[in-house]
Amino acid sequence: MAETLKFDPLDPLMAERRAAARKKLDAIDPAKQSGAESDPRRRDWFEAVYALAEGDPINVPWGNMVAHPLLVDWLARNPRLDGLRALDIGCGLGDNAVALAGQGAQVTAFDLVPRAAEWAQGRFPDSGIVFCAADLFDPPAEWLGAFDFVHETYTLQALPASLLTQAKEALARLVKPGGRLLVISRARDEEQAGEGPPWPLARSDIEGFSACGMAVESLDDIPATVTPNRHWRVVLRKKASAP
Ligand SMILES: C[S@@+](CC[C@H](N)C(=O)[O-])C[C@H]1O[C@@H](n2cnc3c(N)ncnc32)[C@H](O)[C@@H]1O
């Protein structure tokens, strides 16, 4: 699809196509049936999402071709990121990374799926952003403790609960001592059963970042009246003494 055409996932015809694509993806998602143990980190499924999309973002469930509105809103309300080294986790089609770069950050953005990083790079060739393929659980050694500002939207919630502690540790390791991590995720009450994907986070999941040397600096609990689902938008600061 040419990107010059208006892309509106809420348009009824587009919504119908997205729902059809989603149905096909759900049918091959081991997490939606028994068999999740065959692909615990869901690599095969994420690979399949981008392969089956055949270059059409309507087939990527999160491919909205705009930065997440809660990220845009946060960036508008906070000081610019000029000169900061920023990392976008699970960058998908790249729009959130571009929003960070628009605030003056030097952005590296990565995705587990090479095809996603290539797609993002192709959309934004002159952005100055480094788009690359990498695994949150096994990042390049030179990234450890290297970023002033780490951002993640919807990647934690895309991972099963069994990986959450490991994923939070992996995120924290990328932040410089004294640096920040911004997380945007669907939210749930503690007692709500977590039948995913996605697996919305509970407040205790956010507070659990303290075990990784990260302290909550701000926590927005955004009700479903503002966005289609309830969300957390949380900024965590890495303790200066943390490794
Ligand atoms: C739900 S999508 C969100 C994409 C993007 N952040 C957005 O908001 O549009 C989750 C993304 O994380 C990527 N991902 C999943 N596991 C990952 C990992 N271990 N390391 C890096 N990226 C990962 C997926 O390929 C996918 O693009």
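Taking all protein chains together and rolling a 1.4 Å probe, E207 ends up with roughly 100 Å² accessible.
Sorted largest first by accessible area at a 1.4 angstrom probe radius, with every protein chain in place, the residues S162, S218, S210 fall in the order S162, S210, S218.
With both labels modelled 7 Å from their Cα along Cα-to-Cβ, the A211 to A193 distance reads 2.5 nm. If only the Cβ of Lys and Arg carry +1 and only the Cβ of Asp and Glu carry -1, the dipole of the chain around its Cα centre is close to 400 debye. In a simple Cβ point-charge model (Lys, Arg +1; Asp, Glu -1; nothing else charged), the range 1-125 has a dipole of about 160 debye relative to its Cα centre. A straight Cα-to-Cα reach below 24 Å connects K238 with the lysines K168, K176, residues fewer than 8 places away in its own chain not being considered. In the context of the full protein assembly, E118 retains an accessible surface of approximately 120 Å², using a probe radius of 1.4 Å and ignoring ligands and nucleic acids.
Evaluated on the range 1-73, the Kirkwood hydrodynamic radius is 13.6 Å, with distances taken between all distinct Cα atoms. Annotation for Q166 and L219: the two label points, set 7 Å from Cα along the Cα-Cβ direction, are 2.6 nm apart. Summing charges over all other residues whose Cβ lies under 13 Å from the Cβ of V216, with Lys and Arg as +1 and Asp and Glu as -1, gives +2. Legend: residues M65, M214, sorted from most to least accessible area (1.4 Å probe; ligands, DNA and RNA excluded), read M65, M214.
Taking the DSSP beta bridges with both ends in the range 41-142, the antiparallel portion is around 10 percent. Projecting the Cα atoms of S162, W199, I184 onto the charge dipole of the range 140-199, computed from C-beta unit charges around the Cα centre, puts I184 farthest toward the positive end.
Dividing the summed -39500 (n - 2.57) terms of all DSSP H runs of n ≥ 4 by the residue count of the chain sets its mean residue ellipticity at 222 nm at -8500 deg cm²/dmol.
Under a model in which nothing but the beta-carbon of Lys, Arg (+1) and Asp, Glu (-1) is charged, the range 117-185 shows a dipole of about 240 debye around its Cα centre. Across every pair of non-identical alpha carbons in the chain, the mean reciprocal distance, once inverted, gives a Kirkwood radius of 18.4 Å. Applying the Karplus relation 6.51 cos²θ - 1.76 cosθ + 1.60 with θ = phi - 60° to the range 120-131 yields 3J(HN,Hα) values of 4, 4, x, 6, 10, x, 10, 7, x, 7, 8, 9 Hz, where x marks Gly and Pro.
Straight-line reach from K6: taking Cα to Cα under 17 Å and skipping same-chain neighbours fewer than 8 places apart, the aspartates and glutamates in range are E16, D56, D95. In the range 1-126, a dipole from Cβ-located charges (positive for Lys and Arg, negative for Asp and Glu) runs towards its positive end, and of A76, M14, L52 it is A76 whose Cα lies farthest in that direction.
Sorting H231, H68 by solvent-accessible area of protein heavy atoms yields H68, H231, largest first, with a 1.4 Å probe. Amide hydrogen proximity for G145: with H placed 1.01 Å from N in the peptide plane, the residues at 5 or more positions away or on another chain lying under 5 Å are L174, V175.
When the chain is treated as a Gaussian network with alpha carbon springs shorter than 10 Å, the biggest mean-square fluctuation among R85, R41, R180 belongs to R41. Near V150, the amide H atoms lying under 5 Å from its own belong to L87, R180, L181, L182; only residues 5 or more places off or on other chains count, and H is placed 1.01 Å from N. Pairwise Cα separations in the range 66-159 fall into 10 Å bins from 0 onward with the following percentages, short to long: 17, 53, 28, 1.
If the Kirkwood radius is taken over C-alpha pairs of the range 111-187, then at 10 °C and 1.306 mPa s the Stokes-Einstein diffusion coefficient equals 117 µm²/s.
Computed from label points 7 Å out along Cα-Cβ, the spacing between L13 and A27 is 2.4 nm. Carbon-plus-sulfur accessible fraction, the range 13-172 (probe radius 1.4 Å, protein heavy atoms only): 54%.
Expressed to the nearest 5 percent, the antiparallel share of DSSP beta bridges inside the chain is 45 percent. Distances between every pair of Cα atoms in the range 192-240, grouped in 5 Å steps from 0 to the bin holding the largest one, split as 5, 18, 23, 24, 17, 9, 3, 1 percent.
The values are calculated or read from the model by the stated rules, or taken from the named source; none is laboratory data. A quick note: this is a predicted structure, and the numbers were derived from the prediction, not measured. Don't worry about glycine lacking a Cβ; one is built from the backbone with ideal geometry, like all the others, and counts go over all protein chains shown. Remember, those area values only see protein heavy atoms, side chains included, never the ligands or the DNA or RNA. Shrake-Rupley method; radii C 1.70, N 1.55, O 1.52, S 1.80 Å.
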